[in-house]
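Take a look at the structure set out below.
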Amino acid sequence: MIMPVMDGATLIAQVRQRWPALPILVMTGYVEVAKEFPTGIPVLLKPFKPRELAYQIDQLLESPLTVSITMLVGGVILLFVDRLFRQPVVESEERLSFSHAFRIGLWQCLAMIPGTSRSAATIIGGMQQRLTRKFAAEFSFYLAVPTMCAATGHKLLKGYHYFTAAHVQLLLVGNLVAFLVAMAAIRLFIGFLQ
């Protein structure tokens with residue numbers, strides 16, 4: 001990195017001193033500069049492909065520290081969510097507006113942070129939008145279907161050429177079993193919330 005006051009290695013040393021656990025990714029077009037950075041710091045040499053950048057970001061965000069922190073924060077919020085969002089008024093689909101659904105969907109985007117539960121983010125978002133606890137949980141399950149289908153479809157499109165007939169058979173059986181278990185779990189969970 002070329003900067004007017006200090007070089008990239010000095011900046012990284014200062015950042016590491018102040019925030020030791022902060023994930024750092026360096027991008028540079030200079031091969032000789034890439035050798036100056038401490039080991040353990042990923043360096044992307046320009047030009048790079050978008051998938052290389054995505055891979056490096058995934059590696060940084062999926063660290064045990066990031067996952068642990070987000071799981072802890074999500075758990076604490078779930079402990080107090082009933083106290084934070086009182087007086088729910090939306091009990092069914094008929095009273096759920098498009099703007100409520102959109103805002104809940106924005107909450108679900110938090111699940112892109114590794115360690116964040118998609119269903120917890122959706123339930124918290126639903127309760128923030130004044131849905132009852134039961135309806136927020138139901139809505140979370142409704143919202144899971146297109147989300148999971150899109151994520152699965154994306155993964156399948158990226159890796160379809162690795163599949164054999166045996167893999168497809170295992171995938172179909174696994175999906176059927178997962179669907180049946182999920183239906184039973186949802187029924188139990190909704191019953192618990194009532």
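A few comments on the model shown:
- Taking the protein heavy atoms of the chain in the context of the full set of protein chains, the accessible area attributed to carbon and sulfur is 68 percent at 1.4 Å.
- The number of Lys pairs in the chain with C-alpha atoms less than 26 Å apart, excluding pairs fewer than 8 positions apart on the same chain, is 5.
- Near TRP107, once Lys and Arg are set to +1 and Asp and Glu to -1 for all other residues with Cβ below 14 Å from its Cβ, the sum equals +3.
- Charge dipole (Cα centre; +1 on Lys/Arg Cβ, -1 on Asp/Glu Cβ; no other charges) of the range 36-118 amounts to roughly 140 debye.
- Farthest toward positive dipole pole in the chain [+1 Lys/Arg, -1 Asp/Glu at C-beta], among TRP19, LEU172, PHE192: PHE192
- In a DSSP loop and with at most 15 other Cβ atoms within 10 Å, the chymotrypsin sites (Phe, Trp or Tyr not before Pro) in the range 1-74 are TYR30, PHE48.
- Between the helical axis of 165-193 and the longest alpha-carbon principal axis of the chain there is an angle of about 60 degrees.
- Only the Cβ atoms of Lys and Arg (+1) and of Asp and Glu (-1) were treated as charged; on that basis the dipole of the range 59-194 about its Cα centre amounts to roughly 140 debye.
- Looking at the range 110-153, none of the chymotrypsin sites (Phe, Trp or Tyr not before Pro) sits in a DSSP loop with at most 14 other Cβ atoms within 10 Å of its own Cβ.
- Inter-probe distance in nm under a simple model that places probes 7 Å from Cα toward Cβ, at ARG51 and ARG95: 4.9
- Here the range 122-194 is described by how far its Cα atoms reach on the three principal axes: 46, 23, 11 Å, from widest to narrowest.
- Farthest positive-ward along the chain dipole, Cα basis, beta-carbon charges - from LEU157, MET112, VAL33: MET112
- Vicinal HN-Hα couplings computed from phi for the range 135-149 (Karplus, 6.51 cos²θ - 1.76 cosθ + 1.60; Hz; Gly/Pro x): 5, 4, 5, 4, 4, 4, 5, 4, 5, 5, 4, x, 5, 5, 5
- Accessible area (Å², per residue) of the chain, counting only protein heavy atoms and a probe of 1.4 Å: 71
- Contact order relative to length of the chain, as percent, for alpha carbon pairs under 8 angstrom and 6 or more apart: 14
- Exposed-site-free run, longest, the chain (rule: trypsin sites (Lys or Arg not before Pro); DSSP loop; at most 10 other C-beta within 10 Å): 87-194
The values are calculated or read from the model by the stated rules, or taken from the named source; none is laboratory data. Model, not experiment: these values are computed from the prediction. Here Cβ is always computed from backbone atoms with ideal geometry, including for glycine, and neighbour counts include all displayed protein chains. When the accessible area is computed, the model is the full protein with side chains, heavy atoms only, and any ligands, DNA or RNA have been set aside. Shrake-Rupley method; radii C 1.70, N 1.55, O 1.52, S 1.80 Å.
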